[in-house]
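To keep things clear, I will list the structure first and then write my remarks on it.
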Amino acid sequence: MDTTITSRAIQGGEFLIRETAAADIFIPEEFSEEQQMMGDACRQFIEAEIFPIIDRIDKMEEGLVPSIMEKAGELGILGVTVPEEYGGMGMSFNTSMLMADIIGATGAFSTTYGAHTGIGTLPIQYYGNEAQKERYLPHLATGEWKACYCLTEPDSGSDANSGKTKAVLNEAGTHYLITGQKMWISNAGFADIFIVFAKIEDDKNLTAFIVEKDFGGITLGDEEHKLGIKGSSTRQVFFENCPVPVENLLWERQGGFKIAVNILNIGRIKLGAGVIGGCKEVISDSVRYSNERKQFGVSIGSFGAIKHKLAEMAIKTYATETACYRAGQNIEDQIKALEATGMDKQEATLKGVEQFAIECAIMKIHGSESLDYIVDQGVQVYGGMGFSADAPMERAYRDARITRIYEGTNEINRMLLVGMVMKRALKGELNLMGPAQAVQKEMMGLPDFSEPSTELFAAEKKSLENLKKGILMVAGKAAMDLGPKLNDEQELLMNIADMMIEVYAAESIMLRAEKLSLSQGEAAVRLPILMAKVYLNDAVDKVWVAGKEAIASFAKDDDQNILIMGLKRFTKAPLVNVKDMRREIADYMLDAGKYPF
């Protein structure tokens, strides 16, 4: 592995080739008093204003959700990252992640909140000129105006730039007349501000516009009947010669696609954080039910099968939380470093997020799939009651499903993240060649038979190092053999992505446990250590399976045999009694009566 890069902050994707010290990652236990107070205020808000009326929200009671948004705005929850000069709180990127995390427990409302504060507000915050920021941000930060984001069209899902909505300059040169159709628009039913993407005349690329509902020429379809997040407004939006003042063109002509990509990067990692609250809520409900529900004269929580489920639910949540805030702080640190060079705050934020776009995609995938697993197991813990709308799991199960689709489907994100790694390597921004060549050389030599260190996590760190070598070996050989054709091998790209996702999450949860043990002592953090060990054990198996499938899909004959032998070497790990570890984790949860970590 490349251990020469030690004098500068880590860059996006470098986790593959660079060992990270526990001291260098941020963990949730390190949130400041101010951040914790903001988090507490947010929790109190959702407990008072959302949870008691969640059925009314799902029934789309007229005016209810907009009124909740206004209350959230009064508390500053909608303007966490909006600069203070525009009526916001001007807080850090990781603080906005914390808000998304907590509000994630609210189901449909979390979609409403995310659409407004993220894709609805951030294009103006990061790309608007001074006049646009002064006009719109104060009203958006208070919730007086609600925002939505109009990108998707009936014939353009993942291929956003293929949209057909047109903007034509009028004869007077004062307004663009926008005509087209947008679909799956969250918040459309009550939005005052629409961020609209259209092509000006015969342009190849999209341009973004800030459109006020009062401009006219806008009609809405009926509310969509959805599988889940029923309490969020989702409608089609039709524009018919909608007159938009030329000064409402956002950023620059044909700059819309870049706006969309960069805002989606933010949306992806915010979605990763935005599932955490939901995961914890479902787990706490499952723990309580496991304690209360009796079968054969005892609580079902006493059964090993239930303990396995509860422990796995907690471990996945803990891993998602850890990796999200690790990446979030990396972004925050990059923003501050860029600001220190004299770069404007908004530009620094965009470039900071772009630098960690790989990790943003990883967290979107990992978070959404963890939530899906957890709600599914929550239904199973409840048994027959889990299938009833009178129990909390039914809504959670339905609401979770959308997270694997929006902000780019998980399949698209898997291919994107591998593509970004390869592109950065070709540009020389990510030094994969040296480490990959070192792995090839190592495969020709004898395995390391030395006794492992007895230091805490020494064996786990060695396993992680080997897993990274396995990724470099498979990805490097695939790129060498297939060249540009690799982009067409979607199954192979998804295999490589799965390997990367598991390694990033496994390393993150291990580093958190190590950092806690260094500050509190190993005995005090036994449960985080157990969770890290179980997660890594499972990650090794997943890397083996994904790597094996990848190798079989492109390598032949001797090359295939050599690669499989290398993968076996790199996925070799000590046998671990995960059954007892999971039982201990579950018993701790059952004693606490909730998700306790």
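Points to keep in mind about this one:
- Ranked by the mean number of other Cβ atoms within 10 Å of their residues, highest first, the peptides 219-227, 288-296 come out as 288-296, 219-227.
- For the stretch 535-594, applying the loop criterion from DSSP together with a ceiling of 11 other beta carbons within 10 Å to the trypsin sites (Lys or Arg not before Pro) yields LYS556.
- Per-residue Cβ neighbour rank within 10 angstrom, fewest leading, LYS309, LYS71: LYS71, LYS309
- For the stretch 29-70, the Rg and Dmax computed from alpha carbons only, in angstrom: 13.5, 41
- Among MET589, MET91, a tally of other beta-carbon atoms within 10 Å of each Cβ gives an order, fewest to most, of MET91, MET589.
- The stretch 59-105: GluC sites (Glu not before Pro) falling in loop per DSSP and having at most 12 other Cβ within 10 Å: GLU62
- Bridge type composition, the stretch 149-254 - antiparallel percent by DSSP, nearest 5: 85 percent
- P(r) tail fraction, the stretch 29-146 - alpha-carbon pairs more than 20 Å apart, %: 39 percent
- Under a model in which nothing but the beta-carbon of Lys, Arg (+1) and Asp, Glu (-1) is charged, the chain shows a dipole of about 1300 debye around its Cα centre.
- Residue exposure proxy: MET393, MET343, ordered by other Cβ atoms within 10 angstrom of their Cβ from fewest to most, comes out as MET343, MET393.
- The chain: relative contact order as a whole-number percent, Cα under 8 Å and 6+ apart: 15 percent
- For the stretch 149-254, the Kirkwood estimate of the hydrodynamic radius, built from every pair of different alpha carbons, is 13.9 Å.
- Across the stretch 149-254, the mean sequence separation of Cα contacts (distance under 8 Å, 6 or more residues apart), normalised by length, yields a relative contact order of 32 percent.
- Cα shape, the stretch 135-176, gyration tensor, a/c 1.5 rule: oblate
- Along principal axes, Cα extents of the stretch 258-411, largest first, whole Å: 68, 23, 23
- Per-selection Kirkwood Rh - the chain (Cα, Å, 1 d.p.): 25.1 Å
- Here the stretch 29-146 is treated with +1 on each Lys and Arg Cβ and -1 on each Asp and Glu Cβ, and its dipole about the Cα centre works out to around 420 debye.
- Cα gyration tensor shape of the stretch 131-204, rounded if a/c is under 1.5, else prolate or oblate by comparing a/b with b/c: oblate
- Relative contact order %, the stretch 92-211, counting alpha carbon pairs below 8 Å whose residues are six or more apart: 23 percent
- Neighbour net charge for GLY304 - beta-carbon separation under 14 angstrom, K R +1, D E -1: +1
- The stretch 484-499 - phi-based ³J(HN,Hα) in whole Hz, Karplus 6.51/-1.76/1.60, Gly and Pro as x: x, 5, 4, 4, 8, 8, 5, 4, 5, 4, 5, 4, 5, 4, 4, 5
- Global size of the stretch 426-592: 17.8, 55 Å for Rg and Dmax (C-alpha atoms, Rg to one decimal, Dmax whole).
Where a number appears in this text, it was derived from the coordinates with a stated rule and is not lab data. The model shown is predicted, which means the values in this text are computed figures rather than measured ones. Here Cβ is always computed from backbone atoms with ideal geometry, including for glycine, and neighbour counts include all displayed protein chains.
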